[in-house]
Amino acid sequence: MKASHLIARRYLFSRKNVSLINTLTLISVAGVTVGTALLIVVLSVFNGFFDVIKSMLLSNDPDIRIESAEGRSFAVTAEMEQTLAGIPEIAVKSPFIQGKALVAHRGRRDQVVVVKGVEPESFSKYADLEALMYAGGLDLAVRGSLPGILLSDPVSRSLRLNIGDEISLLSASGMRRALTQFTGPRVSRFEVRGIYDMSQVIDEPVMYIDIAAAQRLFDLRNEVSGLDIRLVDHNRADAVKRVLERDLGDGFRVQTWYDLQKPLYDVMNLEKWGAYFILMIIVLVAVLNIVGTLTMVVIQKKRDIGLLRSIGFRKKDIMSVFLRQGWYVGLIGGILGGAAGLALSWMQDRFELVKLAGAESFIISAYPVQLQWLDVTLVLGGSLLLCVLASWYPALRAASIEPADAVRNE
């Protein structure tokens, strides 16, 4: 063991007696431990909420969406089909038509909603809308001359709709044609086949109909609003996006699952890292205590430092002694805090110790937890770095002591 190691340990953890320096050292270690543990737990909770919201959104959102960059619709050509077929990461592709329409039911208050036309077979392969339904099912076929429609819970409550009721939809293009051609508006009639509840995530109500009915409603003929794509691994979305942007050209806009809900995801990430920097203040308080502790050690051991210099220790060797003391405090606090943070996170994930207030109205009953080793590394690394930086000033002060001055002052 190097002499600097031995001296640093002896200065910091002297066993002869319990002094003020020993007490301040323990306080510093405790501060780093508490701060590190809290950071790991809080970041894990943020990760857990992010994962819950992400899983809810991905139950309906695609991994990648392709839309026209120049207009509201486009035709799926054989060349595009060939391009998509050449990408092995693509598992499912589902065309859709989306637009706004006016919905009315038995003369009650009209309401503007978003209508999305889908192919039921391909849509059910990537969207888990069936799991969100509490009435009816995913049935959009024509029965008794009426095609089916799926409603969100807010719309069904607002218009007092139930399974089997008939509603009418009028698109903007239909209203424009009625005004310009002086004819009655062409209204499309549908039968309510299912009601789903996704109000916790989606604020704007969405109605689902068959894509053929949507083409008639929005007068798009053989065109679509876009293509929804499900990948074998959604983590490959960014890589596939770059390939599609290169192969399809500037005429198309390609968005990943993150891009589709970017404001929400960005806010959640901002909150997470904001909490990281705020909670680092706890570690910073402990770090400031290290500065005072090591400065007192320098003053107390001034004669020893002078003797070390006189027997051949260089300035950088003296600095190393005090830098290692900060390293030891950060290492011990980081190990203890990391172990405590990991244990608390595991216990919350396993036993759900802390429940959510009002959990009966949410999809989870306790605070979710998801550990990410990158976060743990950043927390431990940040705490250790602050401790080493805190010991820099005392180390410089100790290295500036001259042997003659130290002995003369004694």
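The values are calculated or read from the model by the stated rules, or taken from the named source; none is laboratory data. Small disclaimer: the values here were computed from a predicted structure and weren't measured. Don't worry about glycine lacking a Cβ; one is built from the backbone with ideal geometry, like all the others, and counts go over all protein chains shown.
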## Note on the structure
The lone condition Ala213 fails out of (1) in a helix (DSSP H, G or I); (2) in contact with a helix residue (DSSP H, G or I) (Cβ under 6 Å, 6 or more places away or on another chain) is (2)
## Note on the structure
Reported set for region 113-124 where residues are surrounded by 13 or more Cβ atoms within 10 Å (Cβ to Cβ) and either touching a helix residue (DSSP H, G or I) at 6+ places or on another chain (Cβ under 9 Å) or not small (Gly, Ala, Ser) (or both) is Val113, Val114, Val115, Lys116, Gly117, Val118, Glu119, Pro120, Phe123, Ser124
### Query
Does Ile305 satisfy being modelled with pLDDT under 95, surrounded by 17 or more Cβ atoms within 10 Å (Cβ to Cβ), not in a helix (DSSP H, G or I) and not small (Gly, Ala, Ser)?
no
### Message
Quick check on this structure: which one of Met268, Met207 is in contact (Cβ under 8 Å) with a residue 40 or more places away in the chain, more than 24 Å from Glu81 (Cβ to Cβ), of a type outside the set (S, T, N, Q) and outside any helix (DSSP H, G or I)?
### Response
Met207
### Message
Cβ-Cβ under 7 Å, sequence separation 6+ or interchain: first residue in region 222-241 and touching a residue at least 40 places away in the same chain (Cβ under 8 Å), partner buried (at least 18 other Cβ atoms within 10 Å of the Cβ) and assigned to a helix (DSSP H, G or I). Which pairs?
### Response
Asp228/Tyr126; Arg230/Tyr126; Leu231/Ala237; Leu231/Val240; His234/Leu58; His234/Trp257; Ala237/Trp257
### Task
Check whether at least one residue in region 176-183 is modelled with pLDDT of 90 or more and either more than 23 Å from Ser122 (Cβ to Cβ) or surrounded by 14 or more Cβ atoms within 10 Å (Cβ to Cβ) (or both), and report yes or no.
no
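Hey, does region 357-366 have a residue that's in contact with a Lys or Arg (Cβ under 8 Å, 6 or more places away or on another chain), at pLDDT 90 or above and either assigned to a loop (DSSP other than H, G, I, E, B) or assigned by TED's automatic domain parsing to the domain that holds Ser320 (or both)?
Taking region 357-366 as the starting set, the residues that turn out to be in contact with a Lys or Arg (Cβ under 8 Å, 6 or more places away or on another chain) are 365-366.
Checking the rest, the ones that are also at pLDDT 90 or above come to 366.
Next, only the ones that are either assigned to a loop (DSSP other than H, G, I, E, B) or assigned by TED's automatic domain parsing to the domain that holds Ser320 (or both) stay: 366.
The answer is yes; a qualifying residue exists.
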### Task
Identify the single condition in (1) assigned by TED's automatic domain parsing to the domain that holds Ile401; (2) modelled with pLDDT of 85 or more that Gln255 does not satisfy, given that it satisfies every other one.
(1)
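Out of all the residues in region 309-325, is one or more of a type in the set (Gly, Ala, Ser) and more than 19 Å from Cys387 (Cα to Cα)?
Within region 309-325, the subset of a type in the set (Gly, Ala, Ser) is 310, 312, 320.
Keeping just the survivors that are more than 19 Å from Cys387 (Cα to Cα) gives 310, 312.
Yes; the residues of region 309-325 include at least one that is of a type in the set (Gly, Ala, Ser) and more than 19 Å from Cys387 (Cα to Cα).
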### Summary
If you go through Arg324, Arg303, Arg314, the only one that is over 16 Å from Val41 (Cβ atoms) and touching a His at 6+ places or on another chain (Cβ under 9 Å) is Arg324
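Here is a yes/no grid of residues against (1) within 27 Å of Ser173 (Cα to Cα); (2) free of Cβ contacts under 8 Å to residues at least 60 places away in the same chain:
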{"residue": "Asp61", "(1), (2)": "yes, no"}
{"residue": "Glu67", "(1), (2)": "yes, no"}
{"residue": "Val76", "(1), (2)": "yes, no"}
{"residue": "Gln82", "(1), (2)": "no, yes"}
{"residue": "Pro95", "(1), (2)": "yes, no"}
{"residue": "Lys125", "(1), (2)": "no, no"}
{"residue": "Ala131", "(1), (2)": "no, no"}
### Query
Quick check: is even one residue across region 338-349 surrounded by 14 or more Cβ atoms within 10 Å (Cβ to Cβ), farther than 30 Å from Glu70 by Cβ, assigned by TED's automatic domain parsing to the domain that holds Leu378 and more than 25 Å from the chain's Cα centre (by Cα)?
no
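Quick one: is Arg236 farther than 29 Å from Val103 by Cα, at pLDDT 95 or above and exposed (fewer than 14 other Cβ atoms within 10 Å of the Cβ)? Can you show your working first?
Numbers: farther than 29 Å from Val103 by Cα: yes; at pLDDT 95 or above: yes; exposed (fewer than 14 other Cβ atoms within 10 Å of the Cβ): no.
Against the criterion (farther than 29 Å from Val103 by Cα, at pLDDT 95 or above and exposed (fewer than 14 other Cβ atoms within 10 Å of the Cβ)), Arg236 does not qualify.
For region 210-257, which positions are of a type in the set (Asp, Glu) and more than 17 Å from Lys116 (Cα to Cα)? Explain how you work it out, then say what you get.
The first filter runs over region 210-257 and keeps only residues of a type in the set (Asp, Glu), leaving 210, 219, 223, 228, 233, 238, 245, 247, 250.
The answer is Asp233, Asp238, Glu245, Asp247, Asp250.
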### Task
Check off (1) in the same structural domain as Arg246 (by TED's automatic domain parsing); (2) in contact with a Ser or Thr (Cβ under 8 Å, 6 or more places away or on another chain); (3) modelled with pLDDT of 95 or more for Ile40 and give me the number that stays unchecked.
(1)
### Message
Given the criterion among the β-branched types (Val, Ile, Thr), at pLDDT below 95 and not assigned by TED's automatic domain parsing to the domain that holds Leu356, identify the matching residue among Val29, Val103.
### Response
Val103
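Being more than 30 Å from Gly333 (Cβ to Cβ) and surrounded by 15 or more Cβ atoms within 10 Å (Cβ to Cβ) is the filter here, so list the residues in region 265-280 that pass it.
Filtering region 265-280 for residues more than 30 Å from Gly333 (Cβ to Cβ) gives 265-267.
Within region 265-280, just Tyr265 meets the criteria.
Given Val254, Val283, which one is buried (at least 17 other Cβ atoms within 10 Å of the Cβ) and not in a helix (DSSP H, G or I)?
Step by step, each of Val254, Val283 is checked, and only Val254 is buried (at least 17 other Cβ atoms within 10 Å of the Cβ) and not in a helix (DSSP H, G or I).
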